[in-house]
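Values in this text are rule-based calculations from the coordinates and carry no lab data. Given the structure is predicted, the values throughout are model-derived calculations rather than measurements. Positions of Cβ are generated from backbone atoms using ideal geometry, with glycine treated the same way; all protein chains shown enter the neighbour counts.
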């Protein structure tokens with residue numbers, strides 16, 4: 001809608017039209033009372049004028065009540081019509097000293113609403129001019145009546161201006177309230193936008209612990225689509241201390257908080273029994289100080305929760321890994337240090353060096369250094385796989401790579417008196433994977449097969465079915481017991497079988513192999529029987 005002196009809209013238009021519609025019968029009735037002599041008037045002209053003006057009042061009132069305002073021109077015409085009718089009624093029927101004249105104050109209000117202060121000033125000037133002319137014409141020789149006429153007009157003007165002032169003051173307060181509400185809504189929307197874009201679950205509660213606001217992450221964390229508003233936050237979570245397994249009431253934590261507090265030793269258990277680790281950050285919300293309160297009032301609480309199950313699991317796994325690596329490194333380092341110390345002592349003997357003993361010590365130190373080198377190599381491969389340092393893929397000719405592997409490890413197999421065989425299908429094609437991960441995986445299986453086979457054969461096999469190539473490394477070695485088969489892919493695990501203990505190994509090879517297989521998007525299949533050998537298989541898709 002177009003704007004007037006104060007905020008103008010369809011509601012104010014409707015209100016003014018109702019006032020005009022209800023006021024018209026009252027104005028007409030008062031005109032008739034004057035005509036019939038029930039109300040005194042010094043300005044009464046005659047019955048025809050009274051009936052004619054009353055008829056115009058009725059026609060104008062019905063039209064104004066039934067038809068909404070459509071344009072500024074339409075509004076101006078209506079305002080002029082009501083102004084002329086009001087002045088005509090006062091001048092020719094009631095006079096400025098009768099109660100009806102007070103209704104002109106409504107004309108001032110309408111002028112201010114529709115067209116602002118300029119229209120109000122014009123209306124005031126028009127009424128004053130009409131009163132002066134009417135007084136001069138009617139009472140040219142009676143200054144007292146002229147004065148009464150002006151006093152009546154002054155009273156009307158005071159009433160109108162006061163009415164406009166009151167309405168304007170109310171409008172000012174209403175605008176201030178609307179502005180304040182708009183700002184509050186804007187701040188609320190900003191906060192809500194920030195909260196909804198958080199990946200962590202964020203709750204806002206009142207001082208009783210009832211949820212006032214929450215974001216989408218809360219629904220995801222609680223695995224629900226139900227509304228959480230109004231629910232007690234302590235009833236939404238089944239919390240316990242991770243270490244002592246003691247139940248925790250979340251609202252009790254909030255009540256005891258005097259500042260922002262963070263805890264990461266809390267678990268939440270779902271109805272199906274699954275548990276997750278939570279990091280909970282919570283803080284009280286303090287309301288503003290007031291004259292009646294010496295301290296800030298409690299305004300509720302803010303709670304932020306994060307699922308740190310994976311993070312904690314990784315931290316625990318890292319700590320365990322560091323502990324095991326430290327332990328595994330300590331043994332060969334101690335052996336090497338002791339062996340070299342003994343060699344140093346032997347070298348300083350005046351009677352000479354026992355060659356046999358020296359050779360034994362050198363061999364021991366060398367074996368332990370090779371053990372350390374193998375462990376470092378395995379750890380380095382594991383680190384690259386974890387960091388994705390070699391994730392770049394390339395086209396690899398399967399036949400060419402396996403032929404290379406065969407020639408690379410033939411001499412090593414011959415040294416142990418083993419037959420290294422290769423059985424390749426036709427048209428194996430090309431795979432598109434990380435070369436480093438692929439080669440490391442094959443090397444781990446081939447070297448393990450040679451290491452744990454005392455006699456017989458090791459066979460490298462690759463067969464293609466449609467667009468899938470199956471790789472198998474099979475040996476006739478000592479095999480793996482069923483109990484060990486479920487554990488051999490764990491880090492640093494080595495079987496208690498004495499034949500394995502006699503063979504040096506870090507216990508990382510198959511753990512690294514499992515990591516590499518996951519990086520390649522495949523899974524290792526193990527088939528083994530104690531004393532009958534083992535086979536390790538995995539599949540990779542070929543390029544069409």
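A few comments on the model shown:
- Protection proxy ranking of 50-61, 433-444, by the mean of other Cβ atoms within 10 Å over each peptide's residues and highest first, is 433-444, 50-61.
- Gyration tensor (alpha-carbon) shape descriptor, segment 114-169, a/c threshold 1.5: oblate
- Taking a ≥ b ≥ c as the square roots of the eigenvalues of the Cα gyration tensor, an a/c ratio of 1.5 or more together with a/b larger than b/c marks segment 201-307 as prolate.
- Sorting the segments 401-414, 207-220 by their residues' average number of neighbouring beta-carbon atoms within 10 angstrom, most packed first, yields 207-220, 401-414.
- Separation of alpha-carbon centers, segment 207-227 and segment 42-77, rounded to whole Å: 61 Å
- Prolate/oblate/rounded label for segment 10-177 (Cα gyration tensor, a/c 1.5): oblate
- Two-site FRET efficiency, residue 349 against residue 414, from Cβ-Cβ distance with R₀ of 56 Å, rounded to 0.05: 0.90
- Over segment 394-541, the Kirkwood radius and the radius of gyration, each from Cα atoms, give a ratio Rg/Rh of 0.95.
- Note on segment 55-150: Cα convex hull, mean projected area over all directions, 6.4 nm².
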